[in-house]
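*Asks:* Here you go, one structure.
The values are calculated or read from the model by the stated rules, or taken from the named source; none is laboratory data. Fair warning: this is a prediction, and the values are worked out from it, not measured in the lab. Positions of Cβ are backbone-derived with ideal geometry, glycine not excepted, and every protein chain shown enters the neighbour counts.
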């Protein structure tokens, strides 16, 4: 059996019932005027999150010889890949254009 997804009207009715139950217990809701912030010192921007990187600039350590060795290694790998040719599957058709069989070719 599939559970029925509540409509907006159902959610609104449920929220109204919860609100009435809350008010019946003798609790009240504070009205906050528009434009008032919940933050203290709202004239300042929010603090930066701790996960952000530090704004301090650090000195870079350049390693041209390491970069050169990595580039040479990458070029050797591409040359090896070009030399290795893998066999490819080719579909053979009969005189009427119907597929007949697959063969492996070294192209």
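*Asks:* Quick check on my filter: what residues within region 1-40 are assigned to a loop (DSSP other than H, G, I, E, B) and surrounded by 10 or more Cβ atoms within 10 Å (Cβ to Cβ)? Lay out the reasoning, then the answer.
*Replies:* Let us first name the residues in region 1-40 that are assigned to a loop (DSSP other than H, G, I, E, B), namely 1-7, 25-40.
Of everything in region 1-40, just one residue is assigned to a loop (DSSP other than H, G, I, E, B) and surrounded by 10 or more Cβ atoms within 10 Å (Cβ to Cβ), namely 6.
*Asks:* Quick check on region 82-89. Is at least one of its residues modelled with pLDDT of 85 or more, part of a strand (DSSP E or B) and in contact with a strand residue (DSSP E or B) (Cβ under 8 Å, 6 or more places away or on another chain)?
*Replies:* So the first thing to find is which residues in region 82-89 are modelled with pLDDT of 85 or more, and the list is 87-89.
From what's left, part of a strand (DSSP E or B): 88-89.
Next, from what is left, pick out any that are in contact with a strand residue (DSSP E or B) (Cβ under 8 Å, 6 or more places away or on another chain): 88-89.
Yes.
*Asks:* When you check residue 106 against the structure, is it out of contact with any strand residue (DSSP E or B) (no Cβ under 7 Å at 6 or more places or on another chain), modelled with pLDDT under 75 and surrounded by fewer than 10 Cβ atoms within 10 Å (Cβ to Cβ), yes or no? Spell out the reasoning first.
*Replies:* Details: out of contact with any strand residue (DSSP E or B) (no Cβ under 7 Å at 6 or more places or on another chain): yes; modelled with pLDDT under 75: no; surrounded by fewer than 10 Cβ atoms within 10 Å (Cβ to Cβ): yes.
Spelling it out, it is not the case that residue 106 is out of contact with any strand residue (DSSP E or B) (no Cβ under 7 Å at 6 or more places or on another chain), modelled with pLDDT under 75 and surrounded by fewer than 10 Cβ atoms within 10 Å (Cβ to Cβ).
*Asks:* Cβ-Cβ under 9 Å, sequence separation 6+ or interchain: first residue in region 71-99 and exposed (fewer than 10 other Cβ atoms within 10 Å of the Cβ), partner at pLDDT below 90 and assigned to a loop (DSSP other than H, G, I, E, B). Which pairs?
*Replies:* Filtered contacts from region 71-99: 85/106; 85/107; 86/106.
*Asks:* Evaluate region 54-63: report whether one residue or more is surrounded by 10 or more Cβ atoms within 10 Å (Cβ to Cβ), at pLDDT 80 or above and assigned to a loop (DSSP other than H, G, I, E, B).
*Replies:* yes
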